[in-house]
Every structure is written in structure tokens, then in C-alpha cells.
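One structure is given here, and the rest of the page talks about it.
The values are calculated or read from the model by the stated rules, or taken from the named source; none is laboratory data. These numbers were taken from a predicted model, which means no experiment stands behind them. When we count neighbours, we look across all protein chains shown, and the Cβ atoms used for this are built from the backbone with ideal geometry, even at glycine.
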Amino acid sequence: MPRSDPIRDNTDNNDTENNPRNGPIGSIEGQEGHVYSLATKNGLLYIGAESKNIRVWKDLTELTRFKSNSGFVKSIVVYKNQIFSGHQDGKIRIWKVSNKDPRVYKRAGTLPALKEVFKRSVKPSNYVEVRRRRTALWIEHSDAVSCLSLDEDQGLLYSGSWDRTVKIWRISDLKCLESINAHDDAVNSIAVTVTGVGLVFTGSADGSVKVWKREIHRRRTIHTLSQTLLKQDFAITALVTAGEDEGGGGATVYSGSSDGSVNFWEIGDEKVVKFAGVLKRHKLAVLCLAAAGKSLFSGGADKTVVVWRREGRIHTCAAVLTGHVGPVKCLAVAEYSGGRGRRWVVYSGGLDRSVKVWSASETAAEDRNRTVVVSPRHWRVSAEAEIDGGRWF
């Protein structure tokens, strides 16, 4: 199997095991085009890019890869032993790992399933207008699948598309339960609440963030618009939800915008979502967000990954990680199981055909208000600089 050629930095005692700081671990270079999507689970990293290959890595070594019929893998999510990938051609493909060989992934289906397409194509009422003088089945996306999100408790998969719709799929039988005409422009991101309160958030190029309330009546799932949190001139490019933190803050939803800001709202009682603040550290568009424990991570078109430490409404910029030579398009986070304190391994995929691997600690007080600058050529810590305005309310 091909390997990456990461250069590990030990000059500043920056190894993950002994010194829990925010900084680089390694780099996976030479991807087949721009990296658009990442997912991590059970120690494996899944990488989706411009090519038709979805690559699987473990410990900075490529374990295997599996090939799709379509390139531009826009989104990846993992549910138990299934991998769902969203593509430029409007399809969602399903993969399963072999029980005999963990390096073998087999195609298990496509959403919508072919039999469902045939079944519904008979009735004219199942067709909707998707463009001028063009119709399609309501269970089909007519443009790129830009985002996927899971509600594992309910066994539901949410897909958003540039066709402006959000579709809800029941994983057990792969049926499309509902299609929502959610926005006036492309849907760029979907986030499901981690606390099980039954709220789904969607963000769009039309500049809005919407809240959808999920209700289940017998076997029927219905989503209704509950709130519009934001309506602005700048596109919404990323969403993520985070659970309650130790600083007294409740569940929170964050949105990244093309103006470089991150707005956030607290989810209160009675499923009411209230504005809580805005974070400003990126110089260009925020393209991706990830949350884990007391940490929030944002990646941007300014080629940086910002590490935020959150305590209630107070957010501190703990570090700015710089190593990409192109915009940071996607993030994935896994908990590091060894060593002292709670730490995370953060993967960032860029439009520079690389995936960077970082260590992030919730207890590294010495990282507060500093920037970690990494040379792209040698992947080594080259300088540190103070940053201003570390706190935002």
C-alpha cells in the first residue's frame, strides 16, 4: 500500500504522548485532487476528493481505497459498518466493509435505490419541477449532494444538495421519508442536535440558517420550519452542533459564513434557539467546523485552522494552526486515547491536495493566545506569535 511521508516534529518536544499541546503530528500528501470531505471512526480516516477513490488511512498509513462511479466526493459519514458518500452527480452511495478482510469495501447500494426509482416513476404525481422545463422524482437529488448528517438515535440520514432541498432517509430500509424545499439557494450544510431534542439545522448559500423541528407520527416523519436564525448577505458555508459544556453552557449550534465569522446560538428549553455570540478570527470565509468536548475547530479559506476553547458563552482562541497552502475545506476529529488529559486528533483537508494531522488539548494552558505557524515545506514549528482579541462573547 502507498504511504504518506509525514515529517514528525520533535524539536519542541511536541509529541502527542508526552506534551499535550496544540500543534502538528503529520501530513498526508499527494491526494488525488482537492480534498472535499473527511470522516473518522474506530481509528480509521476516510478521505474524499476530486477522484473516484475514497481512501482509508490508519496511523498515517493508507490501509485501502475503494472506487466509485463518480468523483468529487462532497461528503462522507459513517454509521456502524456502513459508509455513506455524497457525490457531485447527485447520488448517495453506500459501502460496507468485508467481515473477512478489513481492507475490502463493497458497494451495498445507492440512494435512492433503483427499485424505489422504478416503483415511483409510474405515477406522474411523484415528479416535481427541479429546473425550468425539467422534472425529476421527488426522492432524487437533481444536483450535487453537498452535505450529509446522521441522527444515529433515530436511524435517519439527512442529505442536502445544491438543488436547494433536504431529504430524509430511513437507514433501516433505505427509503426516502421526506423531501423539504428548504432554501432559496444551494444547501451547504446540515447539523443534527446531539442532545436528542429533535432539531435539525440547515445552512444555505442564500445566507440563512433555519431550524427544523422533527415529529414522528407512527411510522411517518415530518419536519416543520421552527425558526430562521439568520438571514444575511453572506453565504452560510458550515454548521456544527455541540453538547453541553462544563462551563455551564447548554447545547450550541455554530454557523460559519463566507465573511469569515462564526455565529453561535444556545438551544434552550422548549426547543427555543437563542443567539449567543459571534467569533471572528478568520480573515476569509469559514469553510468547515467541527466540535469535540470543550473545543471548537474552524477551518477557512485563509488556510488556517483555529482552535477555540469554549466555556459557556466565553470562547477563547487557543491556537491558530497554519500549515496548509490552500483553503481548508473539511475537518474531522477523534479522541486521543493515551496520555494525560483529554486530547483530540484533528484532521484537516485542504484544496492543496493534503490532509494535515494535528494534536489539540483541552488542558494546554500554555497555548492560550498563541499562533502555531508551520512551514508547509518541512512541516516543522517555525515561529510563535501573539494574537489579539482572544476572547469573544
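Annotations
- Residue check, Val145 among the hydrophobic types (A, V, I, L, M, F, W, C), crowded, with 18+ Cβ neighbours inside 10 Å and either over 23 Å from Ala332 (Cα atoms) or modelled with pLDDT of 90 or more (or both): yes
- Residues that are closer than 22 Å to Thr40 by Cα and in a loop (DSSP other than H, G, I, E, B) were ranked within the range 284-325; the one that is farthest from the chain's Cα centre (by Cα) is Gly323.
- Restricting Asp173, Asp184, Asp206 to those that are surrounded by fewer than 21 Cβ atoms within 10 Å (Cβ to Cβ), in contact with a His (Cβ under 7 Å, 6 or more places away or on another chain), free of Cβ contacts under 8 Å to residues at least 40 places away in the same chain and assigned to a loop (DSSP other than H, G, I, E, B) reduces the list to Asp206.
- Ala238 vs. criteria under 19 Å from Trp265 (Cβ atoms) and modelled with pLDDT of 95 or more: yes
- Looking only at the range 109-119, residues that are closer than 18 Å to Arg170 by Cβ and more than 32 Å from the chain's Cα centre (by Cα) come to 1 in all.
- Test: Val78 is surrounded by 16 or more Cβ atoms within 10 Å (Cβ to Cβ), over 26 Å from Thr304 (Cβ atoms) and at pLDDT 90 or above: yes
- Extreme residue, nearest to Ile25 (Cα to Cα), among residues of the range 53-71 that are of a type in the set (A, V, I, L, M) and surrounded by fewer than 19 Cβ atoms within 10 Å (Cβ to Cβ): Leu60
- Odd one out for Asn99 among (1) at pLDDT 90 or above; (2) out of contact with any Phe, Trp or Tyr (no Cβ under 9 Å at 6 or more places or on another chain); (3) more than 25 Å from Ala49 (Cβ to Cβ): (1)
- The set of residues in the range 92-112 that are crowded, with 19+ Cβ neighbours inside 10 Å and not in a strand (DSSP E or B) contains only Pro112.
- In the range 320-347, the residues that are in contact (Cβ under 8 Å) with a residue 60 or more places away in the chain and either among the aliphatic types (A, V, I, L, M) or under 21 Å from Ile54 (Cα atoms) (or both): Val320, Leu321, Gly326, Lys329, Cys330, Leu331, Ala332, Val333, Ala334, Val345, Tyr347
- Filter result (at pLDDT below 95 and at positive phi) within the range 251-304: Glu270, Lys271, Gly277, Gly293
- Any hit, the range 113-129, residues being touching a residue at least 40 places away in the same chain (Cβ under 8 Å), buried (at least 21 other Cβ atoms within 10 Å of the Cβ) and touching a Cys at 6+ places or on another chain (Cβ under 8 Å): no
Residue-by-condition table, conditions (1) aromatic (Phe, Trp, Tyr); (2) touching a Phe, Trp or Tyr at 6+ places or on another chain (Cβ under 8 Å); (3) crowded, with 20+ Cβ neighbours inside 10 Å; (4) under 26 Å from Gly277 (Cβ atoms):
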site	(1), (2), (3), (4)
Ala318	no, yes, yes, yes
Leu321	no, yes, yes, yes
Val328	no, no, yes, yes
Leu331	no, yes, yes, yes
Ser337	no, no, no, no
Trp344	yes, yes, yes, yes
Gly349	no, yes, yes, no
